[in-house]
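What follows is one structure encoded as structure tokens, with my remarks underneath.
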Amino acid sequence: MSANSSSTAAALALITNDMRAMDEVIARRLQSDVPLVAQVSQYIIAAGGKRLRPALLLLMCGALGCQDAQRLSLAAVVEFIHTATLLHDDVVDESTLRRGRSTANEVFGNPASVLVGDFLYSRSFQMMVEVGDMRIMQTLAEATNVIAEGEVLQLMNMHDAALSEQGYLRVIRSKTAKLFEASARLAALLAKSSPAVEQQCADYGQALGTAFQVIDDVLDYDGDVSEMGKNLGDDLREGKVTLPLIIAMQRGTEAERATLRQAIETGGTGQMAQIIAIVQQTGALQATRDAAAAEAQRALDALQTLPQNPYSEALKQLASQLLQRRS
């Protein structure tokens, strides 16, 4: 386990019991009379992952002193929505590897993955209706809609060598950061917090989610394949234009830009070593890390007015350690 992994574990130790209770909710709500539904759902959820989104909701509840039993159902809802997006993402991207093992679409096929993703979305909506709070339903419905828009935006931006930093940020704020933002906001809504505190929580979630994705995009060019559980260069192969490439395109020589443009437009990774060298030599990786650092600092700033306790300290730790993330 890396130092970063152990610090994540330390931050999440406070909610060990809550996460275990959430897992029980997940297992119960995954049950279906259709065997394949439960089989595919359990396959992808058993793959693990960091479970950062439900953890964020539970830690924020702790920071706000909220022990409402509904927090466990909402944490499960957030994980179901995230899992549904992964199932659909991997089909769209034709991915074969996630978290170090075969994707669900590789094992069960595309139709099963798409349809089980739909089941998880619809089960999420059943569960949020059971909570019976209109603001909570509005928050999750909006988040789900924005995530879908982000997916379509990313599809439209595929293989676009002219994508701007602003266009890139719009995608990740929709596709990734929105569910982080919603998770933190849900905690404030459950805690009956003031509008100002609710906004601070949402700001923290959005900034944390943005930093998380920006660092993830760095790792596609500078990660440890054995730790990441995915292949180096996967984003480029899929035609995704991320911040390291955008900055390298801005800073590179005409010849370097031509190399990058061809790789982006064709999804070619035959010159991956050369592309990584260009990204590093132009300082694009460091500039991208700096952008992630600015978002992590924005997350830390948003916590300043929240109650100071072990839970808010853990939230600070989650933001701080993103800057050392290697997998």
(request) Kindly list, by first and then second residue, each pair from a residue in segment 269-286 that is part of a loop (DSSP other than H, G, I, E, B) to a residue that is β-branched (Val, Ile, Thr) and surrounded by 16 or more Cβ atoms within 10 Å (Cβ to Cβ), limited to pairs with Cβ atoms under 8 Å and residues at least 6 apart or on different chains. (result) THR269/ILE275; GLN271/THR259; THR282/ILE247; GLY283/ILE247
(request) Filter segment 47-64 down to the residues that are closer than 13 Å to LEU186 by Cβ and not aliphatic (A, V, I, L, M), then identify the one that is nearest to the chain's Cα centre (by Cα). (result) ARG53
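Per-residue answers, yes or no, for (1) surrounded by fewer than 18 Cβ atoms within 10 Å (Cβ to Cβ); (2) over 16 Å from LEU243 (Cβ atoms); (3) among the charged types (D, E, K, R):
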residue	(1), (2), (3)
ALA148	yes, yes, no
GLU165	yes, no, yes
ILE172	no, no, no
ALA177	no, no, no
(request) Out of the residues in segment 241-265 that are out of contact with any Gly (no Cβ under 9 Å at 6 or more places or on another chain) and in contact (Cβ under 8 Å) with a residue 40 or more places away in the chain, state the one that is nearest to GLY150 (Cα to Cα). (result) THR242
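Are any residues in segment 178-190 among the small types (Gly, Ala, Ser) and within 14 Å of ALA75 (Cβ to Cβ), and if so, which ones? Talk me through it step by step, then tell me what you get.
First, the residues of segment 178-190 that are among the small types (Gly, Ala, Ser): 182-184, 187-188.
Once the filter is applied, which keeps residues that are among the small types (Gly, Ala, Ser) and within 14 Å of ALA75 (Cβ to Cβ), segment 178-190 yields ALA182, SER183, ALA184, ALA187.
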(message) Being in contact with a Gly (Cβ under 8 Å, 6 or more places away or on another chain), on the phi < 0 side of the Ramachandran plot and either free of Cβ contacts under 8 Å to residues at least 60 places away in the same chain or of a type in the set (Ser, Thr, Tyr) (or both) narrows it down to one residue among LEU97, LEU87, LEU72; which is it?
(response) LEU87
(request) Filter segment 99-110 for residues that are crowded, with 23+ Cβ neighbours inside 10 Å and within 19 Å of LEU155 (Cβ to Cβ) and give the result. (result) THR103, ASN105
(message) Residues that are over 17 Å from ARG20 (Cβ atoms) and modelled with pLDDT under 90, at least 3 per element: which helices (runs of 4 or more DSSP H) completely within segment 38-125 meet that?
(response) 70-93, 104-108
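For segment 8-28, give me each residue that is of a type in the set (Val, Ile, Thr) and either in contact (Cβ under 8 Å) with a residue 24 or more places away in the chain or surrounded by 20 or more Cβ atoms within 10 Å (Cβ to Cβ) (or both). Spell out how you get there, then give the answer.
Initially, segment 8-28 is screened for residues of a type in the set (Val, Ile, Thr), giving 8, 15-16, 25-26.
THR8, ILE15, VAL25, ILE26 - these are the residues of segment 8-28 that are of a type in the set (Val, Ile, Thr) and either in contact (Cβ under 8 Å) with a residue 24 or more places away in the chain or surrounded by 20 or more Cβ atoms within 10 Å (Cβ to Cβ) (or both).
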(message) So SER124 passes all but one of these: (1) within 18 Å of VAL37 (Cα to Cα); (2) within 17 Å of the chain's Cα centre (by Cα). Which condition number does it fail?
(response) (2)
(request) Just give me the residues in segment 305-322 being touching a residue at least 60 places away in the same chain (Cβ under 8 Å) and not hydroxyl-bearing (Ser, Thr, Tyr), in sequence order. (result) LEU306, PRO307, ASN309, PRO310, ALA314, LEU315, GLN317, LEU318, ALA319, GLN321, LEU322
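The values are calculated or read from the model by the stated rules, or taken from the named source; none is laboratory data. For clarity, every value in this text was computed on a predicted model and none was experimentally measured. Because the Cβ atoms are built from the backbone with ideal geometry, glycine has one as well, and the counts that use them run over all protein chains shown.
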